[in-house]
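These notes concern the structure reproduced below.
The values are calculated or read from the model by the stated rules, or taken from the named source; none is laboratory data. Computed from a predicted structure; not experimentally measured. No Cβ is skipped: glycine too gets one built from the backbone with ideal geometry, and neighbour counts run over all protein chains shown. For accessibility, only protein heavy atoms count, side chains too; no ligands or nucleic acids. Shrake-Rupley method; radii C 1.70, N 1.55, O 1.52, S 1.80 Å.
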Amino acid sequence: MQVLSPNREANRQAPPSSDERPPVPAPRRTPSQGSKLALDASAKPRRTGLQLPSSLPFDTWRRIGHQISLIADSSAWWLGDWLVYGETEYTDRYKRAVEESSLDIQTLRNYAWVARRFPVSRRRDKLSLQHHAEVAALPEHEQMLWLDRAERFNWSRNRLRSQIKAHRTAALSASGRAAEAAKEKAVIHIDVPVDQEQSWRDAARRMNRSVEEWARLILNQVATGEIPARGIHDAKAG
């Protein structure tokens, strides 16, 4: 029988240290598990195309299309935020970097303008950057109003644009009618003795109206016959 020394017995029973243990491979995660903005593992993106396997299940194919749509839409926000960051942090160098990227500078500036108008906290996940661009020039409360409607009714960008245009047309038409009505008003000056003026003001106060509103009401009632014009004809005849 072989007798082990205390040190050898301890070495045999003790588990290997973390440095001695063989590395355990990490579980493989597909891009779709890591982020909803990544493509399904079955899709192989290339610089000039997308490689898909044969016999791809319909649900997987549909999911990949949704993922591509999200990435394309998100990239507009990414580019806008990227340019805003460059303009802020590298004021003397960012232009050259933009030129080297071969990206269209005007498109980038448009994206950056919308990104500035909408902090991340006010951007709507269910709406595209183009939706936000349609309302970016409006005051903040109107931005929120129209984005709420677009999200609630699932409007496309073009539908949102047409709704805003129709609203502006109706508002201009209403203001135009009000302006025309204001032009048609006539101004009549009446000289009233002081003691009579006070009685008019007292009568107007009892009806909770201004003197002008009270006088207009009484004159209209007389003109339409609601208040008989007693004594007028007699006065003319005398």
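Within the full protein context, the accessible area of I71 is estimated at about 50 Å² for a probe radius of 1.4 Å. Gyration tensor analysis over the Cα atoms of the stretch 41-200 returns equivalent ellipsoid semi-axes of 54, 23, 13 Å (largest first, whole Å).
Evaluated with a Cβ-only charge set (Lys, Arg +1; Asp, Glu -1), the stretch 40-188 carries a dipole of roughly 420 debye about its Cα centre, given to the nearest 20. With coordinates expressed along the principal axes, the C-alpha atoms belonging to the stretch 53-137 extend over 52, 31, 19 Å, beginning with the largest. Potential lengthening of the chain between S69 and A97 amounts to 7.4 nm, from the contour at 0.36 nm per residue minus the alpha-carbon distance. Residue order by solvent-accessible surface for W82, W200, W155 is W82, W200, W155, largest first, with ligands and nucleic acids left out and a 1.4 Å probe.
In the complete set of protein chains, residue-level accessible area for R62 is approximately 140 Å², probe 1.4 angstrom.
At the residue level, H132 shows approximately 0 square angstrom of accessible surface with a 1.4 angstrom probe and all protein chains present.
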